[in-house]
Structure formats: structure tokens, C-alpha cells
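What follows is one structure encoded as C-alpha cells, with my remarks underneath.
The values are calculated or read from the model by the stated rules, or taken from the named source; none is laboratory data. Computed from a predicted model, the values in this text were never measured in an experiment. Glycine also receives a Cβ, built like all others from the backbone with ideal geometry; neighbour counts cover every protein chain displayed. Only protein heavy atoms, including side chains, enter the accessible area calculation; ligands, DNA and RNA are left aside. Shrake-Rupley method; radii C 1.70, N 1.55, O 1.52, S 1.80 Å.
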Amino acid sequence: MTSLPPEVAETTTRYLELIDKVLPDQVVGLYLTGSVPLGDFHPASSDIDGVVVVAEPLTDASAVRSVHEELPTKPAFDVTYLTAEDLAVAPDPGKPVVFTLDGVFKEALYGGPVSPVLWSEMARQSLAVRSVPGLTVHDDHQALVDFTRANLTSYWAPNFDQLEAAVADKPDDEVLPDWILPWVVLGVPRLHALLATGNIVSKTAAGEHALAAFPTWTDLITRCLTHRSGHPQHFTTADAKSSIPFGREVVTTALAL
């Protein structure tokens, strides 16, 4: 197995030790997705994302909740509990799902993180900490494309409207929480990159993609990449106002691909 960052190794080792005690022989696989397999994990800003493959659906999640409460809070351990049978077919957002988000344990009657994105991440670039022999993951590229386009219109476009309203009356020099601009400026180009290249990319790779595709916004993108690399930047309301036309341009051009 590829060497894991120390924080990831510590959390995943501890998780497996604990879960195997409360659910013996039930956790048959643990796969990391997101920044770790993409080589873009940053302890100060990244989560540990992944999928826990269970032998059978969780009927009583209380024991699992207690395990997650004993894990480090940072980086957050964000996983979705699925069976091999779930992964072998198209994702079903209508089924109940157990997952963690920002390290917080959740149970949903339907939906949650279940989507073609997670399935494609699992199929294409996941990193096995504990592997399931012969695991087959359904990967429908057209479903991934359709989901991405829908996400641009239903999530990202309204987000830029909300951001515009939120900063409209604020002074340009007001300092923002440092996560907001990198999340926006490096987040939405991931969808553009997927539609342009067919590949799911990291936030850093998305920023590099954006530098080539949207050179007008080089300064803003570069500062967000610098922040992600571990060199903190200060972002202001003026930066947020600049990110709005950038984001809208990314959304518009992505939908035209």
C-alpha cells in the first residue's frame, strides 16, 4: 500500500482497531477517496475521506457512533458505510445511509454522500487501507457528467448569488475566514476540469487547470493555491467580490462543454 501521511495512518489505524472490537468481522474494507489518493492531502485543511465496506447493512449504528467519537477531530474522518452489493450497482440515493461529515456521525433516510461522484472515485482512484478481494464498483461516466452538470446549476450557481448578497454591503477591507475563498476558487473548477478532461481532480490540480483556462483570474487563483499549499493568505471582502464573476464564468463555460 502507498505510504499514508502520518495523520491519516494514525486515524485509520485507530479506527480499524476500534471498529473491529465493536463490529468483529463486519468491516471488510476501508478505502480512501478525495485528497489522499490524489496526493493533495494537507493536514491543516483536508479531511480524510473514504468508504467503509461492511459485510451487511448497519441495522444498529450506535456502536459505530461511539467509535467515531473516539477518533481525532482533526483531520475529520469522513466516511460512508456501504456494502459491496451497494457499490456493484448504480448509487441509490433513496436508500438509508450512515456516514460522517466534518467528523460528525450522521444517519440519513436517503441520500447523504451517495452519488455517481463517490462511486467513480471508488472505481478510479481510491486507496485501499483494507481491501475487499474481487470488489467491483459501478462506474457510469455519463451519470457522473449528468450529476456534475446538475450540481453546477443547483448548487454552485445559487452559491455565487448568495455570496454576492452576503458581501454586497460589506467594506472591501473586511477580512474573511481563510477557508472561504480557497473553497470557492479551487472548488468550482474541479467540475469544469471533470467536464473538460473526463477526470476527477484534486483541488490543487483544479486550481492549476483554472490558471490555464481562466488566466484573467491568475492572481486570485494563485493566492488560493498558495494558501492550500500551507502558506496562509489573508482574504477580504474585495477578494470575495472578485470571486463572484470568476465563479460565474467557470459555471457558464463548464455548462457549455
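Overview of values
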read-out	value
Charge dipole (debye, nearest 20) of the chain; +1 at Cβ of Lys and Arg, -1 at Cβ of Asp and Glu	360 debye
Chain lengthening between Asp173 and Asn199 when straightened (0.36 nm per residue, less Cα-Cα)	5.6 nm
Shape box of region 1-82 [Cα atoms, principal axes, largest first, Å]	34, 22, 17
Nearest-ten-degree value, helix 218-228 long axis tilted from longest Cα axis of the chain	30 degrees
Debye intensity ratio I(q)/I(0), log10, the chain, q values 0.11 Å⁻¹ (C-alpha model)	-0.64
Potential lengthening between Thr253 and His234 on full extension [0.36 nm per residue; Cα-Cα distance subtracted]	4.0 nm
For region 51-63, Karplus couplings with θ = phi - 60° (6.51, -1.76, 1.60), whole Hz, Gly/Pro x	10, 9, 8, 9, 5, 8, x, 6, 9, 10, 8, 5, 5
Positive-pole candidate from Asn159, Leu38, Pro171, dipole of the chain, charges at beta carbon	Leu38
Protein accessible area in region 3-117, 1.4 Å probe - carbon and sulfur %	54 percent
Accessible surface, region 111-241, averaged per residue in Å² (probe 1.4 Å)	47 Å²
Stretch gain in nm, segment Tyr155-His141, where the contour uses 0.36 nm per residue and the Cα spacing is subtracted	3.0 nm
Nearest-10 value in Å² for the accessible area of His231, using the 1.4 Å probe	110 Å²
Heavy-atom accessible area order for Thr237, Thr218, largest first, 1.4 Å probe	Thr218, Thr237
Positive-pole candidate from His231, Tyr110, Ala256, dipole of the chain, charges at beta carbon	Ala256
Carbon/sulfur fraction of accessible area - region 139-257, other protein chains in place, 1.4 Å, %	57 percent
Approximate spin-label separation Ala61-Lys106, in nm, with each point projected 7 Å along Cα-to-Cβ	1.0 nm
Karplus 3J(HN,Hα) series, Hz, for region 18-35 with 6.51 cos²θ - 1.76 cosθ + 1.60 (x for Gly, Pro)	6, 5, 5, 6, 8, 10, x, 6, 9, 8, 9, x, 9, 10, 8, 10, x, 5
